[in-house]
């Protein structure tokens with residue numbers, strides 16, 4: 001027996017197969033109808049829609065076969081996909097050195113005849129085969145070969161259609177969620193914008209009427225106007241920043257040293273003589289969306305500084321390298337985050353503290369901006385926190401090729 005060889009582009013082929021999200025899915029009548037038709041046209045006891053991953057061939061549809069998968073090294077279809085543009089026909093496996101002592105030939109289901117047409121994706125990758133098998137030798141007519149090729153094409157179209165339907169459902173779900181988020185955002189934005197505007201209006205009305213308020217001078221009232229105006233400006237700036245995330249280019253990529261990224265970060269954050277930022281990494285260089293990554297780090301580090309309740313703010317930025325992502329963490333020695341906020345922390349306009357250590361009230365947009373940036377870049381974020389000890393945010397950023 002000779003085991004099948006992996007195609008030269010096996011890594012890319014497996015990635016293509018994974019993108020169809022079809023392995024281990026339920027039985028579907030549309031596939032079974034084509035499999036049954038293939039068996040009837042050729043006159044075989046067994047027919048299969050077989051898909052090959054790195055370890056096995058799995059049957060999306062089967063006629064006359066009890067098992068749902070077999071090891072890849074024993075597969076006939078593994079040989080068939082070696083030549084994705086041709087049909088593989090084995091009239092008698094007992095006379096073929098690749099198969100004569102294969103356990104599926106020498107024992108049940110006693111495969112003597114095999115014919116398989118590769119299922120080739122629109123990107124040119126063979127995902128598996130439509131195949132017919134029997135326990136006696138067989139020859140195919142030109143009409144039968146042509147029919148098998150046509151059925152194979154129809155199976156592949158079903159696979160493509162299945163993927164397109166799944167993607168459409170995903171986009172519909174995402175659009176629905178985005179519309180709900182937009183409605184919520186608009187409601188809270190209007191509410192938060194009205195508060196400082198109403199304050200300004202009330203104070204101006206008092207000044208116009210030249211009324212006095214016990215304990216407040218004109219300068220006090222003007223300072224209130226100034227504070228409300230600054231609050232309004234800050235809120236508008238963060239709303240604009242939130243809206244700009246959709247325009248962030250996912251194609252942007254830079255090769256940069258971690259030390260250089262830290263140096264750029266330090267130029268964008270609040271200057272504080274009592275703040276130490278430590279870089280913890282053995283990664284020499286990184287290739288990623290530096291603009292988006294810097295925005296995420298800027299928000300997390302700025303929050304850590306603003307809300308620290310210790311005499312000295314200590315922030316550790318960690319970086320490790322995985323297969324296709326970089327994993328960052330930002331660890332602080334702040335007050336920690338109350339567990340009650342676990343499901344709210346990344347939602348727009350959720351303010352966790354009445355004011356930061358500088359006496360300013362947050363807008364509740366910073367962490368929602370962070371999550372939105374990472375979502376745009378295909379990353380995720382989570383956090384662990386211990387009250388009185390500090391918080392660690394962990395996030396991933398996709399490597400740029």
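The values are calculated or read from the model by the stated rules, or taken from the named source; none is laboratory data. The structure presented is a predicted model; accordingly, all values stated were derived computationally and were not measured. Cβ sites come from the backbone with ideal geometry, for glycine too, and all protein chains shown count toward neighbours.
Listed values, structure above:
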quantity	calculated
Within the range 317-335, considering residues that are outside any strand (DSSP E or B) and touching a strand residue (DSSP E or B) at 6+ places or on another chain (Cβ under 9 Å), the one farthest from residue 384 (Cα to Cα)	324
Only one of 22, 27 that is at pLDDT below 95 and in the same structural domain as residue 60 (by TED's automatic domain parsing)	27
Test: residue 133 is surrounded by 21 or more Cβ atoms within 10 Å (Cβ to Cβ), closer than 26 Å to residue 27 by Cβ, in contact with a helix residue (DSSP H, G or I) (Cβ under 7 Å, 6 or more places away or on another chain) and in the same structural domain as residue 39 (by TED's automatic domain parsing)	no
Residue among 261, 257, 248 that alone is at pLDDT 85 or above and either closer than 19 Å to residue 376 by Cα or surrounded by 15 or more Cβ atoms within 10 Å (Cβ to Cβ) (or both)	261
Residue under evaluation residue 313, criteria (1) buried (at least 17 other Cβ atoms within 10 Å of the Cβ); (2) under 29 Å from residue 255 (Cβ atoms), criterion not met	(2)
Residue in the range 362-369 that is part of a helix (DSSP H, G or I), modelled with pLDDT under 85, surrounded by fewer than 19 Cβ atoms within 10 Å (Cβ to Cβ) and touching a strand residue (DSSP E or B) at 6+ places or on another chain (Cβ under 9 Å) present	no
Given (1) buried (at least 17 other Cβ atoms within 10 Å of the Cβ); (2) touching a strand residue (DSSP E or B) at 6+ places or on another chain (Cβ under 8 Å), number of the condition residue 299 does not satisfy	(2)
Given (1) in contact with a helix residue (DSSP H, G or I) (Cβ under 8 Å, 6 or more places away or on another chain); (2) farther than 20 Å from residue 115 by Cβ, number of the condition residue 61 does not satisfy	(2)
